[in-house]
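What follows is one structure encoded as structure tokens, with my remarks underneath.
The values are calculated or read from the model by the stated rules, or taken from the named source; none is laboratory data. All of these numbers come straight from a predicted model, not from anything done at the bench. FYI the Cβ positions are ideal-geometry reconstructions off the backbone, even for glycines, and counts take in every protein chain you see. Side chains are part of the model used for accessible areas, which takes the heavy atoms of the whole protein and leaves out ligands, DNA and RNA. Shrake-Rupley method; radii C 1.70, N 1.55, O 1.52, S 1.80 Å.
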Amino acid sequence: MRKLLLPATALAAAALFTSAAAAAPTGDLRAEAMMPGSTPFTPWLTVLPILIPLLGAALTMMLRHKVTWQAPIAMAAVGLATLFGFLLFAEVAVNGPLIMAAGNWLPPFGIVMTVDRLGALFVVATAVVGLAGLIYARRDIDESRTRFGFYTFYCLLIAGVCGSFSTGDIFNLYVWFEVFLVSSFGLMILGGEKLQLDGAVKYGVLNLIATTIFLIAVGLLYGFTGTLNMADIRAVIAASDGAPVATVGALFVMAFAMKAAAFPMHFWLPASYHTPRVVVGAIFAGLLTKVGVYALLRVLVMLFGAEGELFYPLIGWLGVFTAIMGGMGALAQTNLRRMAAFLVVSGIGVMLVGLGLGSSAGLTGAVVYAVHSILAMMGLFLAIGLAERFGGGATAAGADIYARSSLVAGLFLVFGFAAAGLPPFSGFWPKLMLVQASLETSGVLGIAGVVAIILSGFLTTVTAGKAWALTFLKPAAERGPAPVAAAAEAVSVPRSGQAAVVLLAALVLLLGLVPQLVIVPAEEGVAGLLDPSLYITRVLEAH
Amino acid sequence: MNSLILRTIAPFLAALMMLFSVFVLLRGHNEPGGGFIGGLIAASALAIYGIGSGVDTVRRAIVVHPNAIAGAGLLMSAVAGLSAMFMGRPVLTGLWWIPVVEGIEIPLSTVLVFDVGVYFVVLGSLASIALTLEEGD
Amino acid sequence: MTVPADLMLWVALAPFGAAALAPTLVHKLGAKAGWILAIVPAALFLGYASMIPEVSHGATLRAGVDWAPALGIRYAQLIDGLSLTFALLVTGIGTFIVVYAGGYLKGHHHQGRFLSFLLLFMGAMLGLVVADDLISLFVFYELTSITSFLLIGFDHTREPARRAAVQALVITGGGGLALLAGLILMRMVSGETSVAGLLASPDVLREAPAYTAIFILVCLGAFTKSAQVPFHSWLPNAMEAPTPVSAYLHSATMVKAGVFVLMRFAPTLDDTALWHTVLPLFGGATFLTGVILGIRQTDLKQILAYTTVASLGLLVMLTGLGTQYAVAGAVAYLFAHALFKGGLFMVAGCIDHETGTRDIRLLGGLAGKMPVTFVAALLGCLSMAGLPPMIGFVAKEVMYDGVWQIGGVSVATIVAVAGNALMFCIALSLLLPFFKKPGEMPKKPHEGYPSLWLGPIVLGGVALGSALMLETTVHALIGPMTGAVLGEAVELHLHLWPTGLYPPVVLTLVTVGAGLVLFALYTVVRGGVGAALDAIGWGPDRGFDQLLGALIGLCVRVTHLVQPGLMQRYVTTTFVLLAIALLAPIAIDGLPALSLPSDLSEPQYFVVIASAIAGLWIVIIAKSRLVAIVSLGVQGVMVALIFMLYGAPDLSFTQFMVETLSVIILALVMTQLDLEIEDHRLKGHMIKDATIALACGLGFAIVLYGVVQQPLDLRLSDFYMTYAYDIAHGRNVVNVILVDFRALDTLGEIAVVMAAGLAILALLRLGPLARSEPSDSTMTATRKASSGEVTS
């Protein structure tokens, strides 16, 4: 291997030191096809949250036999991604959409990474929960899983999700979808238990169908518009009045609704999220469905503009059913992880209601809810993971966690109530915004939206309360004659795991107390979707 | 696999295919070929070698685990993309260096590094699967 | 000196800080921590007391800061007669409760947590009553529900406590959601975001078309919180909480939050037929239900709980009647009730603490053994019975005045008198433990700690003092609060001692007389009511369980239906939806103009396409899955041929490779994993599947055809052709696209290749495939596992 690597490094070094020669031969042509001037560091912020985890994945893969190095490498990569994510967020907040034309090719011909307020918000959320998950994973992932690439998959997942939020190219979006799909599949099967495999098959097949539909839709859209650049697509669609994009739109809606786990395309989620290690379920619950919602926002609202409005009522109704079905599913469960999986679905419904309203307020509510859901669902799964250490996997079996670790019990309650939309946690504000937005919408959908949001909130409250009383309050002694007390003493909850969940709980509380932190970027992000003129100018008039 | 013929010619065939894969990789920028197809051929080469001479022999021959090769490939490609940062160019901008050695232009570039990375990823990943499958028999 | 409202805005948050400190403080100081923590509510009480002079002169103090400016939400407070009286009750009673809790839970290893929850509740309740902003009002309202949930479930090892906690959460939480919708509607309809703004334009809601909706939603919130029939059952069950909680949350303060909300918005919602009908109806029913259910109880706390339900009903009824004296009666009674019920609960807790039981059949002879407690109990019971010289008496007089003024001997009057007579009887029965012959008590009774009797004695003293100094009480509290509820300043003239034989005095005499008769027959009445209720056997409490059970049952059934765990069902649904997604827009927009491509007439294309179709036909009819896989390959190869015919050898080659590999891998998987080769689908099933497949295929074909007929924009390929060699130094445009123009895609794709390789490796090495015994096929494993997907 060293033999192979050497020339490669030599090549890279040579290329590095002598690239000045590159500019010489074809100066005029370059001006036609490439971006002028040199690129400062700032635009690199658009790609670093992707490239650094990608490097992390490459390094962990290369050093697969160094088991103890894996976690620190991943931690460093995602940590740096978080840092750059925050810088990106700040930069975009001050100066508006940030672009980087990959390969220096003039937009719209190359791939242009474009991060606006919305993308930056999601990148930051992704990086933060990614880091929290890694902290939790340190003591939760065994050597065998580490050896078979847990950290590699994890880094790729973060890279793929960040890539989805950062790209300004529809085909590139598909590529990042594939990256996180395949890496998530890898995470799902790690461990290879029967139940896990059953979940993985359903997850893999149905998601592959969704991704394929997405790819077909991209192909068709390219056929119609002759471009893949998002800004350009918007410009072309807006210019061609009444473009026949209805079917393409329907395919996009279907693909993303499937990814988002909207009813009746949600089957794969409750079928699979409870099967892998809890930290895997957690990062899925936090991130993956939200990418679907983000893609719906980006493609339907920004790219399709007025043409997309045709689908809003459909999405709204999907949301209504999803929110209620999810809530009902959660209440029906006696296994905490399954319950949490249905709560993810229910939350997706609430977001889709907001999207379906189509108003600025509705969309903003959906975005705020998405950020809340990323934090709260991740936290809920991890808190359940902590609870399981006390033997509290099923709601029927009391584990007396309240007495044995009030912290763990409290953490569960925080996320449960946050999911239910109770103040003072992060879930309250988006639900408030969405109820208000629904009431402002005339027609049956508005009323249905209010009913769905309130009903799902009610069902979630009952679910959380029931689970808390049965699993966390109920003493283990009531379970049966065999005293579990002896085993109870031995339970050790790793500090790192607790720290990760406490961090998330603190964020959920922080966003509950200072909602402006999310509402303002969400509002500006949605404004940028509804009127993407600045986005388009930045991309298409970059030169 | 107990075929004497295969056992005899496998090393030569593999070596030949390996050489061919590098050729396909390098000519890719101008003629049909490239890192992807090159990597496929190289992986096939290792697979054939494995069938002929045993998986252990192959594993010893390539020194490191095929997965590590794939990882290194991804690293190369990513670094090739990042290197433009130091030249004030956007990510993945091709940086060219065309030295003339005894009258022959040798085009070297980060693009080539990138393609070699692709080659290694495909080679490593497929070889890893193929060798594991062969071991399973 | 008045403490400025701007300061109180922040000081009001102090209980939250104290809650954070409580566990540490208890850890360090033990039970004494209660005395120290009580400083916080005491100081708050003094702060609010300093505002009395200004508020009693009609001033409204406001302060606030932006909270979520994007939504127009502020953290703001409004101090008027209503909120000030409530704030004084919350902090004043709260002070003694904290002290009391220190003594009551002395030595309990979770005392710190308990005090913490209690202080959290105090902060929430205070925030609620002084809230100006409509949304921040709701935030604090929900916080009181949450803290109540935590406190009811505090004694978590007991099943009834857990059930009561969930019940309270479900009922008050559900009502809270309705209230939220109501508040949002108020904001939208009126355009006002604050209570003060609403009060300034009181008619805007009444005249809005959404009035009915707002009214119903607000009532749902208020009735659940204030335990009105039929939502009342959570309150008696909440007695599972330790007694300080019962005294504070479930009698003196939190349960009055519903009444508070009604009173807060009364100026903008009352004076409608709906208001004057619904509130008295529910209130009256609750009042009677409460006393009737209360009289059968033998547990001190249950008796107090049911009379609390009754009192809340009375308050709602009076608020609903809405005349000046009815409202004044409600206000006076609310004040009186908070004092006597808070005190009596603490007395009950004290008795429980010292004797080990709360059963009035066992208790007896405590007057001599617990003299201070007895005095406190006496004061409370006198006030509860509505006897002079207590504030409870004044309240009853004013209330009778109000009821009589409306319609003489009306339903309301009869309800009021009947209810009060029963209340009188119950109040007297509460004194029985002090006099009657004792039964077998678990502990030998003696006087409790000062921390246990201090609260009730002070509250009793206030109940007495406020009646003796009635003019001051009316001027400082009752008058301004009544004014705030009515939405206009009022002149109230109340007196403690009747000056003549007015109708209210007659009603009082009737009440006392009836009450005495009832008390004489107390044991008989108690037994009779108990027997009657047992005969009915069903109540809202059982109904709650049935409803919740039915809801969960429904959820389980629906979830089974939607999420059966059958992969086949999932895939079928997905493809049906895909067909709809493809065909529905076509059905709406109409078909694109279809003209058959001319190429078809050329024989080579015709042969290729015919072969592809033949391959597909075999796929559909094949009985063996292996045959189907191979036939699918045939179709793929034909597609590769088409690519070749159109002059794309690269593409054709790749397609050919992919098809070959797919067939080989699929066939290998089938055989290696010992999957079922035979296709056992029934004919109908196959026809269904074929139809779905054909619909999807047709849809894709039409859409693709539509795309092909559009003029293709060649900007991208032109650009690539032009610059591939000159700038990117490559003649093979495909490769240049891969490694330069769209290198970022390639970077992602090689990451995918790497991940896929690793995933397959993990599957082979770690998965059950690596250790699977041949007889156990994955398909059956899938089926087995899938049945477990929903059932759990």
**Request:** With θ set to phi - 60°, apply the Karplus curve 6.51 cos²θ - 1.76 cosθ + 1.60 along segment A:347-363 and write out the HN-Hα couplings as whole Hz, x wherever there is a Gly or Pro.
**Result:** x, 4, x, 4, 4, 5, 4, x, 5, x, 5, x, 6, 4, 5, x, 5
**Prompt:** For helix A:150-166, what angle does its Cα long axis make with the longest principal axis of chain A, in degrees from 0 to 90 and rounded to 10?
**Reply:** 60
**Asked** Which whole DSSP H helices in chain B pass both tests: a Cα extent of 30 Å or more along the axis and a mean Kyte-Doolittle value no lower than 0.0?
**Response** B:4-27, B:110-136
**Backbone N under 11 Å from the C:M686 label point (7 Å along Cα→Cβ), restricted to segment C:610-634** = C:618-625
**Burial of 10 Å² or greater, segment A:46-73 residues [accessible area, probe 1.4 Å, versus chain by itself]** = A:V47, A:L48, A:L51, A:L54, A:L55, A:A58, A:L59, A:M61, A:M62, A:R64
**Message:** Over segment C:281-520, what is the relative contact order in percent, taking alpha-carbon pairs closer than 8 angstrom and at least six residues apart?
**Reply:** 27
**Fill in**
Interface buried area B-C, accessible surface with 1.4 Å probe, both sides summed, nearest 100 Å², comes to 2400
**Prompt:** Chain pair A, B: how much accessible area is buried, both chains summed, with a 1.4 Å probe, in Å² to 100?
**Reply:** 3100
**Message:** Computing the accessible area with a 1.4 Å probe over protein heavy atoms, can you report the carbon and sulfur percentage for chain A?
**Reply:** 68
**Complete:** Taking a probe of 1.4 Å and leaving out DNA, RNA and ligands, segment C:353-453 shows per residue an accessible area in Å² of 36
**Request:** Just reorder A:Y136, C:Y325 by solvent-accessible area, largest first, 1.4 Å probe, all chains present.
**Result:** C:Y325, A:Y136
**Message:** Could you compute how much accessible surface C:W538 exposes when probed at 1.4 Å, giving the result in Å² to the nearest 10?
**Reply:** 140
**Request:** Give the accessible surface of chain A per residue, rounded to a whole number of Å², with probe radius 1.4 Å and ligands, DNA and RNA excluded.
**Result:** 27
**Item:** For segment A:57-70, 3J(HN,Hα) per residue [Karplus equation, 6.51 cos²θ - 1.76 cosθ + 1.60, θ = phi - 60°, Hz, x = Gly/Pro]
**Value:** 4, 4, 5, 5, 5, 5, 9, 4, 7, 8, 4, 6, 7, 4
**Complete:** To the nearest 0.05, the calculated FRET efficiency linking C:I664 and B:L13 through their beta-carbon distance, R0 being 25 Å, is 0.80
**Message:** Could you check the spin-label model distance between C:D271 and B:V100? Points 7 Å from the Cα along Cα→Cβ, value in nm.
**Reply:** 10.0
**Request:** Grab the Cα-Cα distance for C:R557 and C:W617, subtract it from 0.36 nm times how many residues apart they are, and report the gain in nm with one decimal.
**Result:** 17.6 nm
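What's the extension gain from A:L407 to A:V205 if we count 0.36 nm per residue and subtract their Cα-Cα distance? Write down the numbers at each step before the final one.
Working: separation 202, 0.36 × 202 = 72.72 nm, distance 3.89 nm.
In short, 68.8 nm is gained.
Packing-wise, with mean Cβ within 10 Å as the measure, how do A:147-158, B:96-107 rank, highest first?
A:147-158, B:96-107
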**Asked** Considering the zone a paramagnetic label at C:M721 would reach in this model (a point 7 Å from Cα along the Cα-to-Cβ line), which residues of segment C:621-654 have amide N under 18 Å from it?
**Response** C:646-651
**Request:** Give me the accessible area of C:M186, 1.4 Å probe, in Å² rounded to the nearest 10.
**Result:** 0
**Asked** D for the protein assembly as shown, whole µm²/s, Stokes-Einstein with Kirkwood Rh over alpha-carbon pairs at 37 °C and 0.692 mPa s: what number?
**Response** 93
**Asked** What angle, in degrees between 0 and 90 and rounded to the nearest 10, separates the Cα long axis of helix C:540-562 from the longest principal axis of the Cα atoms of chain C?
**Response** 10
**Request:** Can you figure out the FRET efficiency of C:A367 with A:L517, using R₀ = 41 Å and their beta-carbon distance, to the nearest 0.05?
**Result:** 0.10
**Asked** Per the 1.4 Å probe, what fraction of the accessible area of segment B:4-136, in percent, lies on carbon and sulfur atoms?
**Response** 73
**Fill in**
Under the 7 Å Cα-to-Cβ spin-label approximation, C:H493 and B:R60 lie apart by a distance in nanometres of 11.6
**Request:** Kindly compute the accessible surface that chains C and A hide from a 1.4 Å probe when together, both sides summed, and give it to the nearest 100 Å².
**Result:** 10100
**Message:** Residue by residue through segment A:369-377, what is 3J(HN,Hα) from phi via Karplus (6.51 cos²θ - 1.76 cosθ + 1.60, θ = phi - 60°)? Round to whole Hz and write x for glycine and proline.
**Reply:** 4, 4, 5, 4, 5, 4, 6, 6, 6
**Along chain C, longest interval not containing exposed GluC sites (Glu not before Pro), exposed being DSSP loop plus at most 15 other Cβ atoms within 10 Å** = C:208-439
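Which order do A:M113, C:M686 take when ranked by solvent-accessible area (1.4 Å probe, heavy atoms of all protein chains), largest first?
My answer, sorted largest first, is C:M686, A:M113.
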**Message:** If Rh is defined by the Kirkwood formula over all Cα pairs and Rg also comes from Cα, what ratio Rg/Rh do you get for chain C?
**Reply:** 1.19
**Message:** Compute the orientation-averaged projected area for segment B:4-136 from the convex hull of its Cα atoms and round it to one decimal in nm².
**Reply:** 9.5
**Request:** From other protein chains only, count the Cβ atoms within 10 Å of every residue's Cβ in A:92-101, then give the mean.
**Result:** 1
**Fill in**
Reported to the nearest 10 Å², A:T46 has, with a 1.4 Å probe, an accessible area equal to 0
**Request:** Round to the nearest 0.05 the FRET efficiency obtained for A:V67 and C:A610 when R0 = 45 Å and r is the Cβ-Cβ distance.
**Result:** 0.20
**Asked** How far is helix A:495-513 tilted, in degrees, relative to the longest principal axis of the Cα atoms in chain A, given as a value from 0 to 90 rounded to the nearest 10?
**Response** 70
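On a full-extension model of 0.36 nm per residue, what is the gain between C:Y522 and C:M644, subtracting their alpha-carbon distance, rounded to one decimal in nm?
That pair, C:Y522 and C:M644, stretches by 33.7 nm at full extension.
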**Request:** Treat each spin label as a single point 7 Å out from the Cα along the C-beta direction, and report the C:R569 to A:E440 distance in nm.
**Result:** 4.0
